[in-house]
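I have placed the structure first, in the form of structure tokens, so that the comments after it can refer back to it.
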Amino acid sequence: MPGSDLIWMMFSAMPDLYANTTDTVPDVPNFSWADYGMRAGMTRLLNEIAGCNLPASTSFNAGVIDAYPQAAEAMRDAGWEFIGHGMHQKSINHAGDEAALLQAVLDKIAGFTGVRPRGWLSPGLRETWDTPEMLKACGVEYVCDWVMEDIPVWMHTNNGPLLAMPYNLE
């Protein structure tokens with residue numbers, strides 16, 4: 001399906017921290033992980049988390065609302081916190097108008113959930129030098145991209161403090 005509008009497109013590379021596939025087309029590992037997650041893994045996660053009565057969050061590409069509406073609705077209806085993660089699974093540091101993209105993502109998620117995302121996790125943990133400033137200007141309170149510490153730390157932006165939450169890469 002070259003040229004299709006799927007969120008995780010097999011026929012284009014996407015950023016990934018765990019496999020060196022950013023130049024590989026077709027992007028079989030990433031497409032397979034996404035396909036499995038939507039086909040089988042999501043239902044299992046929803047059931048396990050609900051069965052344990054645990055709070056949950058999702059780093060969420062806003063395009064999932066259109067591409068996988070049942071998954072998006074299930075997470076919303078389960079009361080999960082939505083953390084902004086891009087429109088599609090593509091690095092934002094080469095997105096062009098980054099500020100417009102961030103605003104569009106946060107607006108789309110807020111329109112769908114009724115709650116503006118408080119957190120952000122960039123696809124591939126990729127940012128520009130201006131991303132923290134833009135996120136804070138958009139009202140984001142915490143970011144999960146900075147893997148510099150195992151406890152939350154405050155980052156300083158011109159728009160106010162931004163909390164860097166730990167993210168485990170191991």
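The values are calculated or read from the model by the stated rules, or taken from the named source; none is laboratory data. Given the structure is predicted, the values throughout are model-derived calculations rather than measurements. Positions of Cβ are generated from backbone atoms using ideal geometry, with glycine treated the same way; all protein chains shown enter the neighbour counts. What goes into the accessible areas is simple: the full protein's heavy atoms, side chains included, and nothing from ligands, DNA or RNA. Shrake-Rupley method; radii C 1.70, N 1.55, O 1.52, S 1.80 Å.
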request  = Could you grab the pairs with beta carbons closer than 6 Å, sequence gap of 6+ or different chains, first residue in segment 129-158 and closer than 13 Å to Gly119 by Cα, second one among the basic types (Lys, Arg) and part of a loop (DSSP other than H, G, I, E, B)?
outcome  = Glu141/Arg118
request  = Go through (1) within 15 Å of the chain's Cα centre (by Cα); (2) open to solvent by 30 Å² or more (accessible area, probe 1.4 Å); (3) not basic (Lys, Arg) one by one and return the number of the condition Leu135 breaks.
outcome  = (2)
request  = Would you check if Gly96 is open to solvent by 40 Å² or more (accessible area, probe 1.4 Å) and at pLDDT 95 or above?
outcome  = no
remark   = Scanning segment 36-76 for residues that are of a type outside the set (A, V, I, L, M) and in contact (Cβ under 8 Å) with a residue 60 or more places away in the chain gives Ser57, Ser59, Asn61, Tyr68
ask   = helices (runs of 4 or more DSSP H) wholly in segment 12-69 with at least 3 residues that are modelled with pLDDT of 90 or more and within 25 Å of Arg118 (Cα to Cα) - which ones?
value = 42-51, 64-67
key: For Met87: the one exception among (1) outside any helix (DSSP H, G or I); (2) open to solvent by 70 Å² or more (accessible area, probe 1.4 Å)   = (2)
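Yes/no per residue for (1) in contact with a Cys (Cβ under 9 Å, 6 or more places away or on another chain); (2) in contact (Cβ under 8 Å) with a residue 40 or more places away in the chain:
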site: Met87; (1), (2): no, no
site: Ile92; (1), (2): no, no
site: Glu98; (1), (2): no, no
site: Arg116; (1), (2): yes, no
site: Gly119; (1), (2): yes, yes
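Could you go through segment 117-131 and let me know if any residue there is open to solvent by 60 Å² or more (accessible area, probe 1.4 Å), more than 27 Å from Met38 (Cα to Cα) and modelled with pLDDT under 95. Before you say what the answer is, go through the steps one by one.
We begin by selecting, within segment 117-131, every residue open to solvent by 60 Å² or more (accessible area, probe 1.4 Å); these are 118, 126, 129-130.
When the remaining residues are screened for being more than 27 Å from Met38 (Cα to Cα), the result is 129-130.
Subset that is modelled with pLDDT under 95: 129-130.
Checked segment 117-131: at least one residue is open to solvent by 60 Å² or more (accessible area, probe 1.4 Å), more than 27 Å from Met38 (Cα to Cα) and modelled with pLDDT under 95.
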